[in-house]
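First comes the structure, then the notes that go with it.
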Amino acid sequence: MGLILISKNLSFQVGLFIRILLLLVATPAIYNQWFLPFFETAIKFNLFSPWLANYGNISMIDSFPYGIVMFICLLPLLYLGQVFDIFLNTNIFSQFFLGFNILLIDFGVLYFLIKMAKSDAKRAILLYWLSPIVIYICYWHGQLDILPVSLLVWSICFVNLKKPIKVQNQ
């Protein structure tokens with residue numbers, strides 16, 4: 001099932017509408033309490049060691065309990081959001097771009113689940129894309145756990161391709 005066929009699927013459209021609606025009207029409290037202040041401090045003071053940048057504020061040291069891989073994956077759009085927020089004196093763009101990061105990762109998980117499901121793509125869309133657990137955790141509660149899940153799903157998909165990559169001797 002190609003991207004065009006996916007976009008015409010009613011289940012996909014409903015799930016996308018719910019996600020975009022939640023991105024626009026519901027900012028998870030955890031974003032403003034933990035994640036965004038952590039990224040803001042790291043962007044302002046020390047991008048190369050974000051936890052060190054937040055070390056002086058003891059309440060912020062555990063505010064991003066994920067590793068550097070997650071930090072790097074989320075950073076580009078959050079940085080862009082910070083630029084807009086500083087320029088326009090707001091914090092709306094950082095919130096939106098953090099949620100948009102999650103939406104992109106979420107869509108990547110769906111895409112690779114469909115690739116693995118092959119002939120049962122409609123069921124994959126229905127079971128994953130409309131899952132209330134995924135929607136609640138990612139878009140209402142604000143957890144970022146979809147990123148490690150995406151790495152797992154992508155890895156399984158690539159293992160299932162059964163196309164080994166040849167390593168060249170130097």
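The values are calculated or read from the model by the stated rules, or taken from the named source; none is laboratory data. All values derive from a computational prediction rather than experimental measurement. Note that we place each Cβ from the backbone using ideal geometry, even for glycine, and neighbour counts take in every protein chain shown. Quick note on the areas: whole protein, heavy atoms, side chains included, nothing else; ligands and nucleic acids left out. Shrake-Rupley method; radii C 1.70, N 1.55, O 1.52, S 1.80 Å.
Only residues that are closer than 19 Å to Phe12 by Cβ and either among the hydroxyl-bearing types (Ser, Thr, Tyr) or without any contact (Cβ under 8 Å) to a residue 40 or more places away in the chain (or both) were counted across the range 139-158, and they come to 2.
Does Val149 qualify as being modelled with pLDDT under 90 and either surrounded by 12 or more Cβ atoms within 10 Å (Cβ to Cβ) or over 23 Å from Leu24 (Cβ atoms) (or both)? Here the answer is no, as Val149 does not meet what is asked.
Pairs are defined by a Cβ separation below 9 Å, a sequence spacing of at least 6 or placement on different chains, a first member in the range 89-105 that is of a type outside the set (A, V, I, L, M, F, W, C), and a second member that is open to solvent by 50 Å² or more (accessible area, probe 1.4 Å) and in a loop (DSSP other than H, G, I, E, B); the pairs so defined are Gln95/Thr27; Gly99/Thr27. Within the range 90-122, the residues that satisfy the criterion of being open to solvent by 60 Å² or more (accessible area, probe 1.4 Å) and among the polar types (S, T, N, Q) are Asn91, Ser119.
Note on the range 10-87: enclosed helices (runs of 4 or more DSSP H) holding 1 or more residues that are hydroxyl-bearing (Ser, Thr, Tyr) and over 26 Å from Val149 (Cβ atoms) are 36-45. For the residues Phe87, Phe35, the requirement of being at pLDDT 85 or above and open to solvent by 70 Å² or more (accessible area, probe 1.4 Å) singles out Phe87.
Of all residues in the range 119-144, those that are in a loop (DSSP other than H, G, I, E, B) and under 15 Å from Leu104 (Cβ atoms) total 1. Residues of the range 122-143 include at least one that is within 25 Å of Ile30 (Cα to Cα), among the small types (Gly, Ala, Ser) and modelled with pLDDT of 85 or more. Number of residues in the range 157-170 that are at pLDDT 85 or above and surrounded by fewer than 13 Cβ atoms within 10 Å (Cβ to Cβ) equals 0.
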